[in-house]
Amino acid sequence: MSRASEPSAAFAFGDWQGLTASFVRAARESPFVAAQLERSGLSAEQAVANPPAWSRLRPTRKHDLIADQDGAPPYGSRRCVPAPEISLVVESSGSTGKGREVHYLSRDDLGRSSRAWARYLEEMGIGAEDVVALTFPIGMAGGGVRHWYAYVETGAKVLRVGGLSSERKLDAIRYYGATTLVATPAYVDRLAVICAESGCPPGELGIRRLVVATQSLSAEWIEETERLWGAKLFEWYGTSAGIAAFCCRLGMAADGRRGTLHWNPAVAAQEVVDPRSGDPVADGQRGELLGTPLINEAEPLFRVSTGDEVRFVAPRSCPCGSNWPGIESGTVRRLDAMFKVKGINVWPAQVEATLLEDREVLDYRVRIYQDGGKRERVRLEVLARPGHGDELAERVSRTLQGETGISFEVVANHDRERWSQATAGEAAKASRWVDERIGT
Ligand SMILES: [Zn+2]
């Protein structure tokens, strides 16, 4: 069968009927969705006429969500259940300078979503016999708490080690015989170092499965980490709006090729589109991921723009043989510049805005790296006006910590000549932000 004859494959509408019914209902009940239609110049019936018409529906963007919340706090005009029926509220992680998104689930939504995520985890082989060390904090962000519900739904035991020191995390992993470690890639590295320093190679911990959050990762890092831990790497993708994808049983890499993060088309309609034309991309091509959760009654959202650039994997293209569509593992990239440091989202635009408000700062550059102990660090060099030094560095560090939740090592520099040499010519075009961490 030629790809041209199945355009809907790129849209991945497994449950087109379910999507159209929930969209038509939401268009009636949610002023937010009605406004989305108005922006698009479409009626609800026109938008769901067929997949090409659907692709004319303007995506839901972050600023739309924030403006909606600001207009009707805290849940916005998009709330479609009475407030007492809301059971879980999450916020987008970090601080963006553009505000935090608020998302929420009814009790029924939470049940459906936890079962859907549990099914993904079961595809990765997780079940009642597993003990899971969850290193993400159970905070206001969705990642930690939604994983907690999902792993519990599989019957696995979840060690909520996010609040413990690294040493105590390792003690808990050993004591309870954890089989699965859920962490950021950099934190997997960090734990390996601490473990080795305590005289125990990570491979002897008994962890069989490493589940890491989305980040661009090199094939070498994947191979080396699996060897070091004697464990298989799996990846998941998730946003605070509830758009999710998980590795299948093949993991992040198998037989020398990258794995696939799949989604179940019965619970989500995800599209990968060319960011310029808005057209769906073909199998193997890159584009922006747009997501539509199909199981949310409290906050129905359609075509949510993720700002993530991904490679589309059509149904049945993954060697696992699944007819669930997906995206390539290990190669998700941000379309707008954003960095994740210690699991927190940092937007350069926000840091820049903060720095340039300080009259003593003339220029800056940032380096994100891992130190000898594999800790993630952010070094910020500022070019300061003459006569301003330590005090400026302290002030900038304190302000940025408050704004972003990340601690910056700030170094003030006064030598304008050397500074301009270092950033002249080709380097002047280079980004002020350099990410030297693994795999990036
Ligand atoms: Zn697969």
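How would you order 272-280, 311-319 from highest to lowest mean count of nearby Cβ atoms within 10 Å?
Sorting 272-280, 311-319 by mean packing, highest first, produces 311-319, 272-280.
Whole number please: convex hull volume per residue of the Cα set in the chain, in Å³?
Details: hull volume 71.0 nm³, N = 440.
It is 161 Å³ per residue.
State the antiparallel share, in %, of DSSP beta bridges confined to the range 89-336, rounding to the nearest 5. Don't jump to the answer; show the numbers that get you there.
Working: 29 of 46 bridges.
Roughly 65 percent of the DSSP beta bridges within the range 89-336 come out antiparallel.
Can you put LEU121, LEU261 in order of Cβ neighbours within 10 angstrom, beginning with the fewest? Please list the in-between numbers first.
Working: LEU121 23, LEU261 27.
Ordered from fewest to most neighbouring Cβ atoms within 10 Å, LEU121, LEU261 come out as LEU121, LEU261.
What is the distance in Å between the Cα centroid of the range 393-407 and that of the range 298-330?
36
At a 10 angstrom cut-off on C-beta neighbours, averaged per residue, how do the peptides 32-43, 408-419, 241-252 rank from highest to lowest? Display every interim value, and only then the final one.
Details: 32-43: 17.5, 408-419: 15.2, 241-252: 23.4.
With the highest mean Cβ count within 10 Å placed first, the list reads 241-252, 32-43, 408-419.
Roughly how many debye, to the nearest 20, is the charge dipole of the chain about its Cα centre, given +1 on each Lys and Arg Cβ, -1 on each Asp and Glu Cβ, and no other charges?
Numbers: 54 positive and 58 negative charges, 67 e Å.
The calculation lands at about 320 debye.
Quickly work out the SER216-to-ILE344 label distance, labels modelled 7 Å from Cα along the C-beta direction, and quote it in nm with one decimal.
2.4
Please list the radius of gyration and Dmax for the range 89-336, considering alpha-carbon atoms only, with Å as the unit.
Spelled out, the Cα radius of gyration and Dmax of the range 89-336 are 17.6, 55 Å.
Highest mean first, how do 285-298, 77-90, 203-216 rank when packing is the count of other Cβ atoms within 10 Å averaged over residues? All intermediate terms of the calculation are to be shown ahead of the outcome.
Details: 285-298: 22.2, 77-90: 16.8, 203-216: 19.7.
Answer by packing, highest mean first, reads 285-298, 203-216, 77-90.
I'd like to know how the range 167-244 sits against the 2.2 N^0.38 Å rule of thumb: what's its Cα Rg over that expected value? Provide the component values of the computation, followed by the final result.
On the way: Rg = 12.8 Å, N = 78, 2.2 N^0.38 = 11.5 Å.
In units of the 2.2 N^0.38 Å rule of thumb, it is 1.12.
Per DSSP H run of at least 4 residues, take -39500 (n - 2.57); add these up for the chain, divide by its residues and hand me the 222 nm value, nearest 500 deg cm²/dmol. The partial results should precede the final answer.
Numbers: 15 runs with 147 residues, N = 440.
My calculation for the chain gives -9500 deg cm²/dmol from helical runs alone.
How much of the DSSP beta bridge set in the range 344-435 is antiparallel, as a percent to the nearest 5?
Values: 9 of 18 bridges.
The antiparallel proportion sits near 50 percent.
Roughly how many Å is it from the Cα centre of the range 184-254 to that of the range 52-111, as a whole number?
31
Among TRP221, TRP433, TRP263, which comes first, then next, by fewest other beta-carbon atoms within 10 Å? Intermediate results must be reported in sequence, preceding the final value.
Numbers: TRP221 21, TRP433 17, TRP263 25.
If I rank by nearby Cβ atoms, fewest first, I get TRP433, TRP221, TRP263.
So, in the chain, how many Lys pairs have Cα atoms under 24 Å apart, if the pair is 8 or more places apart or on different chains?
Taking the chain as the scope, the lysine pair count is 17.
As I understand it, the dipole of the range 344-435 uses +1 on the Cβ of Lys and Arg and -1 on the Cβ of Asp and Glu, about the Cα centre. Which of TYR369, GLY387, ALA353 lies farthest toward its positive end?
Comparing the listed Cα positions along the dipole, TYR369 ranks first.
Relative contact order for the range 344-435: what percent, with Cα pairs under 8 Å and sequence separation of 6 or more?
Numbers: 113 pairs, mean separation 28.6, N = 92.
Once normalised by length, the contact order is 31 percent.
Using the crude model of +1 on Lys and Arg Cβ and -1 on Asp and Glu Cβ, and no other charge, please compute the dipole size for the range 89-336 relative to its Cα centre, in debye to 20. Could you put the intermediate results ahead of the total?
Details: 27 positive and 31 negative charges, 57 e Å.
Here the range 89-336 has a charge dipole of around 280 debye.
If you split all Cα-Cα distances of the range 28-148 into 5 Å bins from zero, what percentages do you get per bin, shortest first?
2, 9, 14, 16, 17, 17, 12, 7, 4, 1, 0
With the Cα gyration tensor of the range 250-320 giving a ≥ b ≥ c as the square roots of its eigenvalues, does the rule (a/c under 1.5 for rounded; else a/b larger than b/c for prolate; else oblate) give rounded, prolate or oblate?
Details: a/c = 2.40, a/b = 1.39, b/c = 1.73.
It is oblate, given that a/c is not under 1.5 and a/b is not larger than b/c.
For the range 344-435, state the semi-axes of the equivalent ellipsoid (square roots of 5 times the eigenvalues of the alpha-carbon gyration tensor), sorted largest first and rounded to whole angstrom. If you can, show how the numbers build up before the last one.
On the way: eigenvalues 79, 58, 33 Å².
One finds semi-axes of 20, 17, 13 Å for the range 344-435.
A short reminder: the numbers here are calculations on the coordinates, not readings from a lab. Computed from a predicted structure; not experimentally measured. Counting neighbours? That spans all protein chains shown, and the Cβs are built from the backbone with ideal geometry, glycine included.
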